[in-house]
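The values are calculated or read from the model by the stated rules, or taken from the named source; none is laboratory data. A quick note: this is a predicted structure, and the numbers were derived from the prediction, not measured. Counting neighbours? That spans all protein chains shown, and the Cβs are built from the backbone with ideal geometry, glycine included.
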């Protein structure tokens, strides 16, 4: 478990699935991540059972310290011990949890876990240019823009760029 000032991360448990289901059905959340497909509860349960067995992945519930409420989930994925790097994804489960600094704090906890617990050197992600809130949270957690895939997503009649961002261990300030 990783603890911050207002949040803590813990492994995903079966009772967290309803919040994840809600999040993956949310139109704005799907737009922010470029996810066109929706998933049934059974599909999500099956996926998370497989994720638990995947040594190249760590999934966490994002929980408020006050009240022990789950507000989102995040994952460190594609853990590559040979090259000491991994990918990252995050989702806050409802709009009520946005614009409160929870995303930034959760990302910082994931970065800390990546460098201090997994002892990796690089954490990377892709984010779409229309996800301004996400980009700001990632930058506050130390991520830097490294590249752009121009007009990589077409949604609602508009193109968005896909931005590659990463943070390196020697840039990490614990």
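Numbers at a glance
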{"item": "Residues that are buried (at least 17 other Cβ atoms within 10 Å of the Cβ) and not in a loop (DSSP other than H, G, I, E, B), drawn from region 135-152", "result": "135, 137, 138"}
{"item": "Tally, over region 14-57, of residues that are touching a helix residue (DSSP H, G or I) at 6+ places or on another chain (Cβ under 9 Å), under 30 Å from residue 156 (Cα atoms) and part of a loop (DSSP other than H, G, I, E, B)", "result": "7"}
{"item": "All positions within region 65-78 that are in contact (Cβ under 8 Å) with a residue 12 or more places away in the chain and either surrounded by fewer than 18 Cβ atoms within 10 Å (Cβ to Cβ) or in a loop (DSSP other than H, G, I, E, B) (or both)", "result": "65, 66, 77, 78"}
{"item": "Positions within region 81-99 being touching a strand residue (DSSP E or B) at 6+ places or on another chain (Cβ under 9 Å) and either assigned to a loop (DSSP other than H, G, I, E, B) or closer than 16 Å to residue 140 by Cα (or both), in sequence order", "result": "83, 84, 88, 89, 90, 93, 94, 98"}
{"item": "Selection status of residue 103, in a helix (DSSP H, G or I), at pLDDT below 95, in contact with a strand residue (DSSP E or B) (Cβ under 8 Å, 6 or more places away or on another chain) and closer than 23 Å to residue 20 by Cβ", "result": "yes"}
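So that you can scan it fast, the table gives a plain yes or no per residue for (1) in a strand (DSSP E or B); (2) on the phi > 0 side of the Ramachandran plot; (3) at pLDDT 95 or above; (4) touching a strand residue (DSSP E or B) at 6+ places or on another chain (Cβ under 6 Å):
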{"site": "63", "(1), (2), (3), (4)": "yes, no, yes, yes"}
{"site": "108", "(1), (2), (3), (4)": "no, no, yes, no"}
{"site": "125", "(1), (2), (3), (4)": "yes, no, yes, yes"}
{"site": "133", "(1), (2), (3), (4)": "no, no, no, no"}
{"site": "154", "(1), (2), (3), (4)": "yes, no, yes, no"}
{"site": "170", "(1), (2), (3), (4)": "no, no, yes, no"}
